[in-house]
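Right, one structure below, let's go through it.
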Amino acid sequence: MKIIEHSYSADLSWVESFAKQFGGKVEGNFIIVPEEYQTGTRYFIDCGEGIIAYYLNVTYKKNIHLIQKNSTNDFVGFYYNLTDGEASVTGENFVYEVGRWQYNLAVIDGTLESTYKVKSGSSTYALCIFIKKSNIEAYAKKNNITFQNIDKIVDPSKNTIIRFDRMSSESFHLLNDLRKLKVGGPIFDLNLIGTVHMLISNYLKKIASNRIIIQTVNQSDLANIIKIQMYLIENIQNHFPSIKFMASQANMSESKFKNLFKKITGNTPSSFFMDNKLLLAKELLEKKQLTITQISDQLNFTNNSYFASKFKFHFGMSPKAFIKQL
């Protein structure tokens, strides 16, 4: 396994050091990595307004372990990750699977360390966006996005910006359109910068429409919340556990647990559990191996009617209509 210890930032000071860690080099806007580690493209560009874009479309030939320890905490990283294969964010007491079919958008404050592991044979298509916290307020105003307490949100002494999420279908299509273009040159650069601004604007609009929990988060609390997320996903076929039980497992009070869970996932624990239960139900329907009743029973819904109403509310159609559409 190749271990790379590196940092990112909302300027280009990290690029040269990052390339050298791989035994590679920088040519123009490309980071050239030896083919013993990967094939494909790594590309970066300064988008202006305190924003850096880092574009990856690579296939790994060796297991890679990336340890991110930032030298500055004045930025936020948006990590759109459509990996096909095995990739994870890891830390003390947790492993968090990421990629195209997992949680494929992470928004991580520069104050936090993160560790990314990807296995040989995996293909990563990702766009990382680094934006200075001091520029977020001006960026929001320029794009007519209204935030309450924006000064507190971007103040590292009062708040840690952290979210593990699924990208919207619009973001997914923006990234897919970008992927069709030849990397490098003025046409690609123009499209890349345009995509970056649309992704940032879309995400800020999304989070501005909800109450933002202003709270600092340390590595231990983050690990405990992710541990509970994984517990819920691993037990998705069972009944929803109590808040008291989950808070105890996370070594937190119930109020702190609920606040941090909502801050990091964007959902309450019960909504997170139900959303993932319904996604599994949809996958099972697509396989056409079980009946609606069997799926309802397997996932411990109270009855078929309750399952159908939840499914319709989430996906806009009943399980029967979904099967017909298939």
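Debye-formula intensities of region 1-54, expressed as log10 I(q)/I(0) at q = 0.16, 0.18, 0.23, 0.30 Å⁻¹, are -0.47, -0.59, -0.91, -1.31 (one equal scatterer per alpha-carbon, no solvent). Restricting the calculation to Cα atoms, every distinct pair contributes to the Kirkwood radius of the chain, found to be 21.2 Å. Computed from the C-alpha gyration tensor, the three semi-axes of the ellipsoid equivalent to region 248-326 are 30, 13, 10 Å, from longest to shortest. Debye sum, Cα scatterers, region 170-326, no solvent: what log₁₀ I/I(0) at q = 0.17 1/Å? With one equal scatterer per Cα and no solvent, log10 I(q)/I(0) is -1.06. What is the Cα centroid distance between region 275-326 and region 1-78, reported in whole angstrom? If you average the Cα positions of each part, the centres end up 42 Å apart. Accessible area per residue for region 1-49 is 48 Å², calculated with a 1.4 Å probe on protein heavy atoms, without ligands, DNA or RNA. Coordinate range of the alpha-carbon atoms in region 183-261 per principal axis, descending: 55, 29, 24 Å. In the chain, helices alone account for a calculated mean residue ellipticity at 222 nm of -12500 deg cm²/dmol, with every DSSP H run of four or more residues adding -39,500 (n - 2.57). Cα extents for region 25-157 along the principal axes, largest to smallest and rounded to whole angstrom: 46, 40, 28. Once all protein chains are placed together, ARG179 keeps about 90 Å² accessible to a 1.4 angstrom probe. When every Cα-Cα distance of region 138-241 is counted in 5 angstrom steps from zero, the calculated P(r) takes the values 2, 10, 14, 15, 16, 15, 13, 10, 4, 1, 0 percent.
At a probe radius of 1.4 angstrom, the accessible area of region 125-200 per residue rounds to 50 square angstrom. Across the protein chains, with a 1.4 Å probe defining accessible surface, the residues LEU326, LEU192 rank LEU326, LEU192 from largest area downward. For region 98-244, averaging the sequence separation of C-alpha pairs within contact (under 8 Å, six or more residues apart) and dividing by the residue count gives a relative contact order of 31 percent. Of the residues ILE153, LEU174, SER134, the one whose Cα sits farthest towards the positive end of the charge dipole of the chain is LEU174 (charges of +1 on Lys and Arg Cβ, -1 on Asp and Glu Cβ, taken about the Cα centre).
In a reduced charge model with +1 at each Lys and Arg Cβ and -1 at each Asp and Glu Cβ, the chain shows a dipole moment near 920 debye about its Cα centre. Within the accessible area of the chain, the carbon and sulfur atoms contribute 49%, probe 1.4 Å, all protein chains present. Solvent-accessible surface of region 244-326, averaged per residue with a 1.4 angstrom probe and all protein chains in place: 55 square angstrom. Given the pairs LYS132/LYS256; LYS141/LYS262; LYS206/LYS256; LYS69/LYS262; LYS227/LYS287; LYS62/LYS256, which span a C-alpha to C-alpha distance of over 31 angstrom in this model? Beyond 31 Å: LYS62/LYS256. Couplings 3J(HN,Hα) for region 218-233, derived from phi with the Karplus relation 6.51 cos²θ - 1.76 cosθ + 1.60 (θ = phi - 60°), are 9, 4, 5, 5, 4, 4, 5, 5, 5, 4, 5, 4, 5, 4, 5, 5 Hz, where x marks Gly and Pro. Report, to the nearest 10°, how far helix 169-179 tilts away from the longest principal axis of the Cα atoms in the chain, using its own Cα long axis and a range of 0 to 90°. Helix 169-179 and the main axis of the chain meet at about 40 degrees. Protection proxy ranking, highest mean first, for peptides 110-118, 251-259: 110-118, 251-259, where packing is the per-residue count of other beta-carbon atoms within 10 Å, averaged.
The values are calculated or read from the model by the stated rules, or taken from the named source; none is laboratory data. Every value quoted in this text rests on a predicted model; they were computed, and no experiment measured them. Positions of Cβ are generated from backbone atoms using ideal geometry, with glycine treated the same way; all protein chains shown enter the neighbour counts. SASA here: full protein model, heavy atoms, side chains in, ligands and nucleic acids out. Shrake-Rupley method; radii C 1.70, N 1.55, O 1.52, S 1.80 Å.
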